[in-house]
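Written out below as structure tokens is the structure these notes cover.
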Amino acid sequence: MMKNSFLFFILLLLASCSTQRISTFSELSLFSTDELISQNENYEVKIQFIKTIYDNYEFKIGIKNKSNDSIFVESSMFTYDYFPNEKGIDQQSVCCINPIARIKQLNINKDSLVKEKNPYSLANKSTKEIIKEGLVSGTIAVVFGQDPEEYEEQREDSESEWEQKHQYNLNQINGELLYWNNKTLFSCNISPNSKFKDTVLFPISKEVKKIIIKIPIHKDVFKFQFIKLD
């Protein structure tokens, strides 16, 4: 009994000493928004960094087919190599995000989030559990000279903070789902003397100094370097 009471007191103490904050997305790494162009006799590729969104880099990519043959382009083939700031770490490769796969994962995350129960809410506990916790908190209050009402106030605060954070996370998922559900897959055939333009997203890699995006078209690979702004 005393062991459980002590553990309960420690949890309450940690909760009272910490402040839960709804995190806001920070732009972890920004690049110049200047449009970059690379071309040869058959193809022209334009790329421009737009912004960071949902922890991803968003780029606008335009491809012009100057050849006499149709070409097939799919964003699943787009990648970037990133170079970490830390010395001694080799470059890593990251693939462009597949909207279909991302939507599937977001729905899984949403389903899991919806099923979560607020651990601080009395509505999720039986009468027996409520009475037991009340006795424990009362015992702790007597031993440490604390006011039992303070524990109840802390519980109510924790319950409210959990609900706010939970709703924020749910809103983030719903917002991203709306974004992806209104976005088409960058996958198409580009006929001769035609062009195609759309945006693509790449996962953010933290602590990078530069990335090199690779856009393969037929037998050619067009490379674009973006250096992190200080």
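Throughout, read-outs are computed from the coordinates displayed, never taken from laboratory work. Just so you know, these numbers come straight off a predicted model, no measurement behind them. Here the Cβ is made from the backbone with ideal geometry for all residues, glycine too, and neighbour counts use every protein chain on show.
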Karplus 3J(HN,Hα) series, Hz, for region 199-214 with 6.51 cos²θ - 1.76 cosθ + 1.60 (x for Gly, Pro): 9, 9, 10, 10, x, 6, 10, 6, 6, 10, 9, 6, 10, 10, 7, 10
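Efficiency by 1/(1 + (r/R0)^6): what FRET value for Asn189 and Ile212, r their Cβ-Cβ distance, R0 = 22 Å, to the nearest 0.05? Walk me through the numbers before you get to the answer.
On the way: r = 27 Å, r/R0 = 1.21.
About 0.25, to the nearest 0.05.
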Run the simple label-point estimate for Asn40 and Glu74 please: 7 Å along Cα→C-beta, distance reported in nm. 2.2 nm
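Can you pull out the trypsin sites (Lys or Arg not before Pro) in region 152-189 whose DSSP state is coil and whose Cβ has at most 16 other Cβ atoms within 10 Å? Working shown, then result.
Numbers: sites: Arg155, Lys165, Lys183; in loops: Lys183.
Of the trypsin sites (Lys or Arg not before Pro), the ones in loops of region 152-189 whose Cβ has at most 16 other Cβ atoms within 10 Å are Lys183.
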What does the net charge come to around Phe49 if you take all other residues with beta carbon closer than 10 Å to its beta carbon, with K and R at +1 and D and E at -1? -1
Could you derive backbone 3J(HN,Hα) for region 98-114 from the dihedral phi with the Karplus parameters 6.51, -1.76 and 1.60 (θ = phi - 60°), listing whole Hz in sequence and x where the residue is Gly or Pro? 8, x, 5, 5, 5, 4, 4, 5, 5, 5, 5, 5, 5, 4, 5, 5, 4
Suppose each label sits 7 Å from its Cα in the direction of the beta carbon; what would the Lys60-Asp111 distance come out to in nanometres? 3.7 nm
Sum of side-chain charges, Ser38 neighbourhood, beta-carbon under 14 Å (Lys, Arg +1; Asp, Glu -1): 0
Too-long pairs where the Cα-Cα distance tops 32 Å, listed order kept, from Lys60/Lys115; Lys66/Lys210; Lys183/Lys209; Lys51/Lys110: Lys60/Lys115
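If I take R0 = 25 Å and measure r between the Cβ atoms of Lys104 and Gln167 in this structure, what FRET efficiency does the formula 1/(1 + (r/R0)^6) give, to the nearest 0.05? Each step should come with its number before you reach the end.
On the way: r = 23 Å, r/R0 = 0.92.
Efficiency at R0 = 25 Å is approximately 0.60.
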Using the Cβ atoms and a cut-off under 13 Å, what net charge is assigned to the surroundings of Trp180, where Lys and Arg are +1 and Asp and Glu are -1? +2
